[in-house]
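Here's the structure, in structure tokens; my notes come after.
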Amino acid sequence: MTEKYPFSKGLAGVPAAETVLSFINGQEGKLYYLGIPIEEWAEHSTFEEVALALLLRRLPKKDEMKMFNAALRSARELPPEVIDFILDLPPDTHPMAALRTVVSLLEAYDYDAKLEDLEAKFRISVRLIAKFPTIVAYFDRARKGLELIPPDPTLGHAANFLYMLKGERPSDYEARVMDIALILHADHGMNASTFTAMVIASTLSDMYSAITGGVAALKGPLHGGANERVLKMLKEIGSPENAEKYILDKLAKKERIMGFGHRVYKAYDPRARILKKFAEELTKRSEFYQTAVKVEEIMIREKGAKGIFPNVDFYSGLVYNALGIDTDLFTPIFAIARVAGWTAHVLEYLEDNRIFRPRAIYKGEIDKKYIPIDER
Ligand code: SDX
């Protein structure tokens, strides 16, 4: 049977939608949001501005930003019943499982979820972007038996997240580092979690279901969960001197080194380059940082020719760890940023929707006889 489209496992390289939101030049290691290089966004913008730009698919005007900031800050709090649910979650629940479950639960408390128009979905997108940091911070403090710190409307998105998490206002530098980390993670083309959210949305299911799916997909260690594994790996290695043997042993066993490789980038991930700088500053070139740099050198020596370089997950963990954030919160932070990309891609795709329904190549037999169970 000839296939109209060539088979590509995991849809590698297969275009499944059109977008103006972000573009990745994998060969040269370049990333653009709305045509603007990621380095420009990181230097001049804020996560709030990036989020609104993605939702609007253009740079927002000053009055739009003012309204969006006000909408975000007034939507940060969670319904009391949802807070009670978070307080009752088992403390050893993985934070990504807690986030995924609470996002799903929030639908029950949002009248807009019953509406199907894009304006309602836009309003839900704003609420989700506003609430993700609160969900993560509330769960973390609840599991530690600490009092919940309500959102502070005088603080920006990144600063408020750190404040709710730690119970003290971050320094301007710490808040700016977190803000830039969120900018870097906000969108990235048709990655697995964005694709998941779009598939769900393309059936005309609701935005809460689509974003619940996005969180579920991001949890996996091959996708957003790698940053948590990178830090565990660096702790296992222990020092730069141990890196050579540790990495070569893993590679010899054909094991994947977390934080390296990418379906699209065959060059250094530009986000990793920016995060590496912050990791160096925040750790003051600690032995931990030097171990990471040594792992990078070894991996580029061993695998660079095959296009395997550090990806966004390799240095993000060092940055979050230096900000005093628990390792299992690294992927939820990724989700706090990527919810902007997920919702933006869903809204964009729904403007000219077509349900996703790829094919599978059938490899079984045909017209076989049914054999009654007593004769098998
Ligand atoms: C993110 O898609 C996105 O945009 C994702 C993301 C985003 O912003 O949304 O950028 C975020 O998910 C970053 C990736 C985080 N994941 C990891 O760091 C996990 C480790 N990386 C690998 O599992 C892998 O590189 C993937 C999953 C990221 C990409 O997998 P592919 O494209 O399916 O590549 P592959 O499995 O076909 O590997 C090709 C070759 C293989 O060698 P051969 O069998 O051909 O000899 O490269 C090797 C692989 O063994 N390889 C690695 C490797 N990644 C690929 N070898 C060692 N370590 C690695 N990390």
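Data table
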item: Förster-model FRET efficiency, 25 Å R0, Leu204 and Arg58, C-beta, rounded to 0.05; result: 0.45
item: Probe 1.4 Å, accessible area per residue of the range 226-322, Å²; result: 47 Å²
item: Simple spin-label estimate for Glu297 and Thr154 in nanometres, 7 Å along Cα-Cβ; result: 4.8 nm
item: Distance cut-off 16 Å, percentage of C-alpha pairs in the range 100-149 lying past it; result: 47 percent
item: Ratio of Rg to Rh over the chain (Cα coordinates, Kirkwood Rh, two decimals); result: 0.99
item: Furthest towards positive pole of dipole, Ala279, Val295, Gly224, structure part the range 208-308, Cβ charges; result: Gly224
item: Calculated FRET efficiency for the pair Glu147/Ser74, C-beta based, R₀ 22 Å, to 0.05; result: 0.45
item: Residue (of Leu162, Tyr5, Val339) at the positive-pole extreme of the chain, dipole from beta-carbon charges; result: Tyr5
item: Förster-model FRET efficiency, 56 Å R0, Glu28 and Ile371, C-beta, rounded to 0.05; result: 0.45
item: Pairwise label distance in nanometres, Phe7 with Arg273, each label 7 Å out on the Cα-Cβ vector; result: 3.9 nm
item: Per residue, in Å², the accessible surface of the range 119-209 once ligands and nucleic acids are set aside, probe 1.4 Å; result: 33 Å²
item: Shape of the range 226-322, Cα gyration tensor, a/c cut at 1.5; result: oblate
item: Qualifying trypsin sites (Lys or Arg not before Pro) in the range 311-370, DSSP loop, other Cβ atoms within 10 Å at most 13; result: Arg354, Arg359, Lys363, Lys368, Lys369
item: Residue-span extension gain [Glu81 to Val14] - 0.36 nm each, minus C-alpha spacing; result: 19.8 nm
item: From phi via Karplus (6.51, -1.76, 1.60), per-residue ³J(HN,Hα) for the range 248-265 in Hz, x at Gly/Pro; result: 5, 4, 5, 5, 4, 8, 6, 7, 7, 8, 4, x, 10, x, 6, 5, 10, 5
item: ³J(HN,Hα), Karplus 6.51/-1.76/1.60, whole Hz, each residue of the range 357-370, x for Gly, Pro; result: 7, x, 10, 10, 7, 6, 10, x, 8, 10, 6, 6, 7, 6
item: The range 93-223: Cα Rg divided by the 2.2 N^0.38 Å rule of thumb; result: 1.10
item: Peptides ranked, highest mean first, by Cβ atoms within 10 Å: ranges 201-208, 108-115, 51-58; result: 51-58, 201-208, 108-115
item: Surface share of carbon and sulfur [accessible, 1.4 angstrom probe, percent] for the range 226-322; result: 50 percent
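The values are calculated or read from the model by the stated rules, or taken from the named source; none is laboratory data. In this text, all values refer to a predicted model and were calculated from it rather than measured experimentally. Virtual Cβ from ideal backbone geometry, glycine too; neighbours counted across all protein chains shown. Accessible surface areas use protein heavy atoms only, side chains included; no ligands, DNA or RNA. Shrake-Rupley method; radii C 1.70, N 1.55, O 1.52, S 1.80 Å.
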